[in-house]
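Colleague: Following this message is one structure expressed as structure tokens.
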Amino acid sequence: MLVEELSVPQRVGEKRFSSIVQLLEGPKRERLVRFAYSTGGVARRGPVTLRARDLERLAQGLSGCPQLAEMLRFDGVKEVAIGE
């Protein structure tokens, strides 16, 4: 069952798509996190690639998904430091 979902819009050249992070709950109430990408409204499995600016959008979006943020052990947006 879907508990929370966060969509991060992305663009590469003329291609537009979204990376999706979902918090799911299984039949035994176990919590799962799914990473996927969406093109044309259809979620697809496969590698999900996030640039630094996409990670910033993901971090900001987690403020609206408290259970997902907790599952990812994310405690708030401070500043995403890449390469340190």
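The values are calculated or read from the model by the stated rules, or taken from the named source; none is laboratory data. All of these numbers come straight from a predicted model, not from anything done at the bench. As a convention, Cβ positions derive from the backbone with ideal geometry for all residues, glycine included, and neighbour counts pool all protein chains shown. With ligands, DNA and RNA removed, areas are computed over all heavy atoms of the protein, side chains included. Shrake-Rupley method; radii C 1.70, N 1.55, O 1.52, S 1.80 Å.
Colleague: Search the stretch 45-68 for residues being within 13 Å of S7 (Cα to Cα) and not hydrophobic (A, V, I, L, M, F, W, C), and hand back the single one that is surrounded by the fewest Cβ atoms within 10 Å (Cβ to Cβ). Full working, then the answer.
Modeller: Going residue by residue through the stretch 45-68, those that are within 13 Å of S7 (Cα to Cα) are 48, 50, 54-65, 68.
Restricting the remaining residues to those that are not hydrophobic (A, V, I, L, M, F, W, C) gives 54, 56-57, 60-61, 63-64.
Numbers: D54: 18, E56: 16, R57: 18, Q60: 13, G61: 17, S63: 12, G64: 10.
Per the criteria, the residue is G64.
Colleague: Further, regarding this structure: Taking the stretch 26-75 on its own, how many of its residues are part of a strand (DSSP E or B), modelled with pLDDT of 90 or more and of a type in the set (A, V, I, L, M)? Please lay out each step first, then the result.
Modeller: Of all residues in the stretch 26-75, those part of a strand (DSSP E or B) come to 31-39, 42-44.
Narrowing the set further to residues that are modelled with pLDDT of 90 or more leaves 31-38.
Filter again for of a type in the set (A, V, I, L, M), leaving 32-33, 36.
Of the residues in that region, 3 qualify.
Colleague: Of all residues in the stretch 3-36 being of a type in the set (G, A, S) and open to solvent by 50 Å² or more (accessible area, probe 1.4 Å), which is farthest from P66 (Cα to Cα)?
Modeller: Within the stretch 3-36, the subset of a type in the set (G, A, S) is 7, 13, 18-19, 26, 36.
Filter again for open to solvent by 50 Å² or more (accessible area, probe 1.4 Å), leaving 7, 13.
Working: S7: 14, G13: 32 Å.
Among those that are of a type in the set (G, A, S) and open to solvent by 50 Å² or more (accessible area, probe 1.4 Å), it is G13.
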